[in-house]
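Trainee: The structure follows.
Just so it is clear, none of the values below were taken in a lab; they were calculated from the coordinates. As the structure is a computational prediction, the values presented were derived from the model and not from experiment. With ideal geometry, Cβ positions are generated from the backbone for all residues, glycine too; neighbour counts draw on all protein chains shown.
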Amino acid sequence: MSTLLERLRGRGWRMTAQRRVVAEVLSGEHIHLTADEVLVRAAERLPEISRATVYNTLGELVALGEVTEVATDGRAKRYDPNAHRPHHHLVCGGCGTIRDVQPDGDPLAALPASERFGFTVSDAEVTYRGLCPACAAGA
């Protein structure tokens, strides 16, 4: 069973067939699907699921803090179920693949006080960009 499904059940979230399928599609590691990709995969499991249901369910999951939206380079938003473990992203500039990474060190410590402009910094989102092995091989 996916961690996302377990978290949702633990919260008492009403688990309709449509919501369950969306949560199942988002299960696993390094999942960063667009809403349309979620719809295609959900429809393979539950053909009657509608676009509106998928979009509404994704919106609810984001509002609950169970899924985060990831946007890179003006591409479509992607949905990341790894919302409860701090991490950064590694993005391929060729194919758009996104991987979760946990580098050593605290990214907040890397920002000197002189560059904080009086802000109380509570979080950092770091995106590493490059080429995945497949794209690098074709370059």
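Trainee: For the chain, build the charge dipole from Cβ charges (+1 Lys, Arg; -1 Asp, Glu) around the Cα centre, then report which of Leu46, Ile31, Cys92 sits farthest towards its positive end.
Mentor: Of the listed residues, the answer is Leu46.
Trainee: Apply the Karplus parameterisation 6.51 cos²θ - 1.76 cosθ + 1.60, with θ equal to phi minus 60°, to every residue of the range 107-119 and state each ³J(HN,Hα) to the nearest whole Hz, in sequence, with x for glycine and proline.
Mentor: Each residue's phi maps through the Karplus curve to give x, 5, 5, 6, 9, x, 4, 5, 9, 8, 6, x, 5 Hz.
Trainee: HN-Hα J couplings of the range 92-99 from phi, Karplus 6.51/-1.76/1.60, θ = phi - 60°, integer Hz, Gly and Pro as x?
Mentor: Running phi through 6.51 cos²θ - 1.76 cosθ + 1.60 with θ = phi - 60° gives 7, x, x, 9, x, 4, 10, 10 Hz.
Trainee: Applying a 10 Å radius around every beta-carbon, put 117-123, 91-97 in order of their mean neighbour count, most first.
Mentor: Working: 117-123: 7.1, 91-97: 15.9.
My ranking of the peptides, most packed first, is 91-97, 117-123.
Trainee: Given charges of +1 on the Cβ of Lys and Arg and -1 on the Cβ of Asp and Glu, with all other atoms neutral, how large is the dipole of the chain about its Cα centre, in debye to the nearest 20?
Mentor: Values: 16 positive and 18 negative charges, 82 e Å.
Approximately 400 debye in magnitude.
Trainee: Now, a different point. Once each part is reduced to its C-alpha centroid, what is the distance from the range 76-105 to the range 27-60 in angstrom?
Mentor: Distance between centres, Cα-based: 19 Å.
Trainee: Per DSSP H run of at least 4 residues, take -39500 (n - 2.57); add these up for the chain, divide by its residues and hand me the 222 nm value, nearest 500 deg cm²/dmol.
Mentor: -10000 deg cm²/dmol
Trainee: For the range 88-138, what D do you get in µm² per second when you plug the Kirkwood radius from alpha-carbon pairs into Stokes-Einstein at 10 °C and 1.306 mPa s? Can you show the working numbers first?
Mentor: Details: Rh = 12.9 Å.
It comes out at roughly 123 µm²/s.
Trainee: What is the Cα coordinate range of the range 3-80 on the first, second and third principal axes, sorted by size from largest, in whole angstrom?
Mentor: So the extents along the principal axes, rounded to whole Å, are 35, 26, 21.
Trainee: Which entry is the computed mean projected area of the Cα convex hull in nm² for this structure: [x] 10.9; [y] 11.9; [z] 7.4?
Mentor: [x]
Trainee: I'd like the isolated cysteines in the chain, meaning no second cysteine's beta-carbon lies under 4.7 angstrom from theirs.
Mentor: Cys95, Cys135
Trainee: A further question follows. Between the helical axis of 35-45 and the dominant principal axis of the chain, each derived from Cα atoms, what acute angle in degrees is found, rounded to the nearest 10?
Mentor: Helix 35-45 and the main axis of the chain meet at about 40 degrees.
Trainee: Sort 21-27, 35-41, 104-110 for me by packing, meaning the mean count of neighbouring Cβ atoms within 10 Å per residue, highest on top.
Mentor: Details: 21-27: 22.6, 35-41: 17.1, 104-110: 9.1.
Result, highest mean Cβ count within 10 Å first: 21-27, 35-41, 104-110.
Trainee: Only Lys, Arg, Asp and Glu count, each charged at its Cβ (+1, +1, -1, -1), so figure out the dipole size of the range 88-138 about its Cα centre, rounded to 20 debye. It would help to have the intermediate numbers written out before the result.
Mentor: Working: 3 positive and 6 negative charges, 43 e Å.
That gives the range 88-138 a dipole magnitude of about 200 debye.
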